[in-house]
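Right, one structure below, let's go through it.
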Amino acid sequence: MYTIYIKLDMNRIPQDTFDTLREKHHIWYKTYFNAGKFLMIGTCPDVSGESLIIAHGTREELEEAVQFDSYYADQLATYKISEFKVELFNEAIKNYID
């Protein structure tokens with residue numbers, strides 16, 4: 001299992017394409033979520049433009065996947081992929097997801 005930390009460079013995203021890029025970004029992560037590769041996706045509300053994905057697959061698969069994100073080609077975001085080993089899992093987590 002891996003985490004994918006995404007940080008948008010808000011100063012480099014052109015305002016006239018912001019909505020289009022965001023919509024393509026949403027389609028991108030929903031595609032991988034529906035395929036079972038992304039297991040949990042969320043934003044960091046305290047910091048604009050940051051999000052975290054809990055993902056399943058190999059590092060190589062995930063490195064390839066981020067290349068299809070709308071922000072990737074023009075380097076409008078940074079992506080940090082880190083291995084994540086689950087030590088404990090509490091079923092109650094589903095009670096905390098809004």
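Every number here is computed from the coordinates shown, using simple stated rules; none is lab data. Quantities reported herein were computed from a predicted structural model and do not represent experimental measurements. Using ideal geometry, Cβ is built from the backbone for each residue, glycine included, and neighbour counts are taken over all protein chains shown.
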Problem set entry | Residue order, fewest to most beta carbons within 10 Å, for Y72, Y96, Y32 | Y96, Y72, Y32
For this session: Pop out the ³J(HN,Hα) list for the stretch 47-54 in order, Karplus 6.51 cos²θ - 1.76 cosθ + 1.60 with θ = phi - 60°, rounded to Hz; leave Gly and Pro as x.
Result: 9, 4, x, 10, 8, 9, 10, 9
Exercise. Mind checking which of F38, F18, F68 has the largest fluctuation in a GNM of the chain, springs on alpha carbons under 10 Å?
Worked result: F18
For this session: Let me have the relative contact order for the stretch 2-95, percent, based on Cα pairs under 8 Å that are six or more residues apart.
Result: 44
For this session: Could you tell me which label, among (1) 78, 17, 5; (2) 24, 16, 12; (3) 26, 13, 11, carries the value of semi-axes √(5λ) of the Cα gyration tensor in Å calculated for this structure?
Result: (2)
Exercise. Rounded, prolate or oblate: which fits the stretch 41-98, taking a ≥ b ≥ c as square roots of the Cα gyration tensor eigenvalues, rounded meaning a/c under 1.5, else prolate when a/b beats b/c?
Worked result: oblate
Exercise. What aspartates and glutamates sit close enough to K85 to cross-link, taking a C-alpha to C-alpha distance under 19 Å and skipping anything fewer than 8 places away on the same chain?
Worked result: E60, E61, E63
Exercise. For the chain, what is the calculated [θ] at 222 nm in deg cm²/dmol (nearest 500), taking -39500 (n - 2.57) for each run of four or more DSSP H residues and dividing by its residue count?
Worked result: -8000 deg cm²/dmol
Seminar exercise, completed: Output for the stretch 68-98: trypsin sites (Lys or Arg not before Pro) sitting in coil per DSSP, at most 15 other Cβ within 10 Å, listed by number, reads K85
Exercise. Restricting attention to the stretch 4-59, which trypsin sites (Lys or Arg not before Pro) occupy a DSSP loop and are surrounded by at most 13 other Cβ atoms within 10 Å?
Worked result: R12
Seminar exercise, completed: Under the Karplus relation with 6.51, -1.76 and 1.60 and θ = phi - 60°, whole-Hz ³J(HN,Hα) for the stretch 78-88, x at Gly and Pro, equal 10, 10, 10, 9, 10, 5, 9, 9, 6, 9, 9
